[in-house]
1. Two decimals is fine: what's Rg over Rh for the chain, C-alpha atoms, Kirkwood radius as Rh?
2. Could you let me know the centre-to-centre spacing of the range 144-190 and the range 233-255, using Cα atoms, in angstrom?
3. Within 10 Å, count the other beta carbons around each residue, average over each peptide in 88-94, 415-421, and list them highest first.
4. Computed FRET efficiency, Cβ-Cβ of residue 75 and residue 585, R0 45 Å: what is it to the nearest 0.05?
5. In the chain, if the dipole is taken from +1 on Lys/Arg beta carbons and -1 on Asp/Glu beta carbons about the Cα centre, which of 120, 185, 237 is farthest to the positive end?
6. Taking 22 Å as R0, compute the FRET efficiency from the Cβ-Cβ separation of residue 382 and residue 302 and round it to 0.05.
7. Which Cα, out of 79, 214, 521, lies furthest along the positive dipole direction of the chain (beta carbon charges, K/R +1, D/E -1)?
8. What is the calculated FRET efficiency for residue 123 to residue 257, with r their C-beta to C-beta distance and R₀ = 41 Å, to the nearest 0.05?
Amino acid sequence: MNISRVKYLVKRVTESPFDFLLKKINVELNKKVLYRAGSALLKAKLNKAEISLQSKQSSSINPVLSNEQLSYLLTRVNAYKDKGYPCLGYGNVDIQSDETFHYDSIHDYKWNSNANSFDIDFVLSNITCDVKVPWEKSRLQWLVEKALLCTNGEWDINDVYSHLKLWSDQNTFLKGVNWISSMEVAIRLVNLAFVYLLVKANEHHDLNSLLEQLIAKHDVYLELYPEISDIPGNHYLATEVGKIVVSYLKQQSYSEKVFNELLIQQFPNDGVQLEYSTVYHRLCVDLAVIGYLFISFDDMEKEVSERINRLVNSLSLISSKKGLLPIFGDSDSGQVLNFGQSSRSCNLYFDWRSKETAHTIYSAVLEQIGMRAIPKLTEEPSQKPFQELYPFLIMTKDSYKAVIRYGKAGLKERAPHDHDDMLSFWLFKGGDDIVLERGCAPYTSDIRLREEYLSSLSHNVIMNNSGTRADFKSGSVFRTVEMGECSLLEQELSSVSLLYKDRDITHQRRFCLTEAGLTIHDSWKAEKGLLFTLYLSPYAESDILNLDNIKKEQSCLIEDYGNKSGTELNKLMLNLKNEGSLDFVIK
């Protein structure tokens, strides 16, 4: 462990509240002593959880799918055997062979399936591998698709059982890579719960019994080994939603007050989730909605319902006319249930838009919970010329929408999923991407590549001519960026001015959005020469393209996690003097 890592851990401990440190110690005691793998106490707790689940009779669900939806699902599921399961944009991966759920076939790396889960180094920064590959396979989202086909008479229930047993046999409780993260355990629990609700009416004893055993293990895991932090993030939200779902199955209550406080903490001012990644924000809204659908309310349903609706509305503020998000910060698969929808798409919640088949299936499943309706916007909200959704400013004019990053780093400046993108922007025209950000997979197999994606060189900003702006600092998993702050200087009806400042660079940027496009005025000052980068789609028009000293090259936008094909775009680079200004138009 290097000295910077030690300093980071010491700082975290000294800054943490005492009650949090006690909770953290308790979780570690559960892992290592009280409820370690194979202990008598753990066996007793697992037995109690399973009995509690078996004694309750939660209603089954039976979404009736259209021929179009069934054809879509059959095409996907039939392909899993011959072609494999589409995984994180990398391509297809096997989900049927021995040890596959501990294997990253993309980089040919296998984790030890018999190792104690809490002793495994899942990052392995010195080895090219990606733990998200076995994690994604083990979310068991593909099993929900098969269970859906079963309820519609289009799939053999014995196949669901055999594949679930394959996963169970390969994943002994608290052994291997798939029992490391409570977020992954929680998302898998949600999928297991839907499989259970879908197939239980078929009265397949072995399958129902196996599901009850596995759900009990996931229930106990979330109780004893949750991922906690003094500033809880998306992993904590996922863990709590997992607890809500299993409470529903056991016909137990989850505190509506605790859920409301969770939403307030995760989405400050009912805005963007506090880690400030746009794709993570949509994932967290999905989690919040699932929790909302499964929870029982007594007195706070109206208050929570209004809060959930504001979260759904926040997605409409920053998405395009096609319902697609800009990508700021880290971007991964971003799905709780996955029927093939894009991680950028918010159309599950937008009733005025024609939906992808994947979203219509998603809706059909959620609507079966029966507690209350899915929160949706029935008509497109009117777009004001200027709106704030911290840490984003949104400008809209006719067919154009600009989304601008400003403010501070996420998670109270710890920046676990932030990039060095202050004062960068994304521009839509008629729903299409015109100016873009590159995006970054959070567990990319190449640490050097990850830090390239995080750096200013991958964003629409001005930086040192070495291609850097912010330094890197120690984080809980990876190094994170030491971001500067970007403040709002002036706002008018069609223009906004912002200031970015760090120890090396002072950069002021004025955005003016009209029906003719986006005009930008940049002015800067630094000790040395600077570098300007801009990522344009091939369809963008800009007078900056005519500058004699502009360097233009083809780059690859990673739209969805690990997407190697991506979208080709023009990466523009311009060397700047240490002080000056630049005006350009994009349309």
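1. Answer for the chain: 0.97.
2. 19 Å
3. Details: 88-94: 18.4, 415-421: 26.1.
Packing order, densest peptide first, comes out as 415-421, 88-94.
4. Working from the Cβ atoms, E equals 0.50.
5. The one lying farthest along the dipole's positive direction is 120.
6. After rounding, the FRET efficiency stands at 0.35.
7. Farthest towards the positive pole: 214.
8. On the way: r = 36 Å, r/R0 = 0.89.
With R0 = 41 Å, the Cβ-Cβ based efficiency is 0.65.
Only the coordinates and a few stated rules stand behind these numbers; no lab work does. Please read these numbers as outputs of a predicted model, since none were measured by experiment. When we count neighbours, we look across all protein chains shown, and the Cβ atoms used for this are built from the backbone with ideal geometry, even at glycine.
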